[in-house]
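First comes the structure, then the notes that go with it.
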């Protein structure tokens, strides 16, 4: 399939360069000498092709996708007239944003305050029209679509079992899992996700890509039968659960996820560029990790959530009356106080809580994140209007394998909050 790839004229000059640097981190290993080329079906995931492929996945031969169309007019995203300098502390040392970019393999970084660009950076030769692979940030996009389907009555209740909508999963453990349990990744089913090539996510990825001997994606889902916990009691990260949510969406609405994303999110949000979903061999969008969008549009999505789901009025440039994401669902998805105790920050994990496919930070002010492996992130603090979006090509997929980039990213976000008047008051101690 040939993907439509249209871009608007450049709206804003790149702001506030990070300062001179002799080299970007690991640029030789990332294949700067060959202009950061786009890989093939067998190489696009590897280091020498990571920068090129992860910012233009639709150009990798053999990878299939569906376009999410932008509206005729983008919502405004002006630059701040007097942006504040951004600084942070990490391991008792003070750093600047330029230092972070010199430390970490960041392809794009943008910070907003009340809908205005404080800084916008592109590295490794990327430009504003690059459409960056999100990995698991896509899970949050899937959740937002579930919320809309619920508000429209297309999903009757998130306490319905998945098999009510996905007949191919009838009689299976995932089929018996409720939509709410899937949103919280609390099916209780054992789905291994270690990124070692031998785990369940690797097996599932082979099936979704149509690799020889990979089988059908739904057959892999049906094969997951072992349990580590009763359903609904415990958060355990499992991408398969988001894939099931994607199948619930498609079957409940009768439309594919690209159409739903266009109609329910991208156009009312006022995106600047077309986005796209990668699709599985069975025609299902890869809801768990394959949505691709420009950096500014990731920031716009964060700003939409900071505005409690309301679209920007193009006349005033302020949040208007149009409620794109249902507010009550958004609060259920992102407010730690609305989660059962087992899903709150410092309980679901040693640091984060987990809502409806969103990571919840242990701060008094509602603060949450969309996150993907290899350093993809959108942080949001609605009460102070601060958003930070970042795309990356980190060397390792998860913090279990190398915590340093994750620790420094968290330090940068806290520094951004402090620099821009954000709220760093810790979450009160649990009373339950």
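The values are calculated or read from the model by the stated rules, or taken from the named source; none is laboratory data. Nothing here was measured: the structure is a model prediction, and the numbers come from that model. Positions of Cβ are backbone-derived with ideal geometry, glycine not excepted, and every protein chain shown enters the neighbour counts.
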* From the residues in region 362-374 that are farther than 17 Å from residue 419 by Cβ and more than 10 Å from the chain's Cα centre (by Cα), which one is surrounded by the most Cβ atoms within 10 Å (Cβ to Cβ)? -> 368
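Is there a residue in region 79-86 that is modelled with pLDDT of 95 or more and either part of a helix (DSSP H, G or I) or out of contact with any helix residue (DSSP H, G or I) (no Cβ under 8 Å at 6 or more places or on another chain) (or both)?
Yes; the residues of region 79-86 include at least one that is modelled with pLDDT of 95 or more and either part of a helix (DSSP H, G or I) or out of contact with any helix residue (DSSP H, G or I) (no Cβ under 8 Å at 6 or more places or on another chain) (or both).
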* helices (runs of 4 or more DSSP H) completely within region 146-221 that count 2 or more residues being at pLDDT below 95 -> 200-209
* Asked: Looking at residue 231, is it buried (at least 16 other Cβ atoms within 10 Å of the Cβ), more than 21 Å from the chain's Cα centre (by Cα) and not in a helix (DSSP H, G or I)?
  -> yes
* For region 46-62, enumerate the residues that are part of a loop (DSSP other than H, G, I, E, B) and at pLDDT 95 or above. => 46, 55, 60, 61
* In region 63-84, what count of residues is obtained for those that are over 30 Å from residue 53 (Cα atoms) and loosely packed, with under 11 Cβ neighbours inside 10 Å? -> 2
* Asked: Restricted to region 1-29, and to residues that are farther than 22 Å from residue 120 by Cα and modelled with pLDDT of 95 or more, which residue is surrounded by the fewest Cβ atoms within 10 Å (Cβ to Cβ)?
  -> 28
* Condition test on residue 382, is it within 25 Å of residue 235 (Cα to Cα) and surrounded by fewer than 19 Cβ atoms within 10 Å (Cβ to Cβ)? -> no
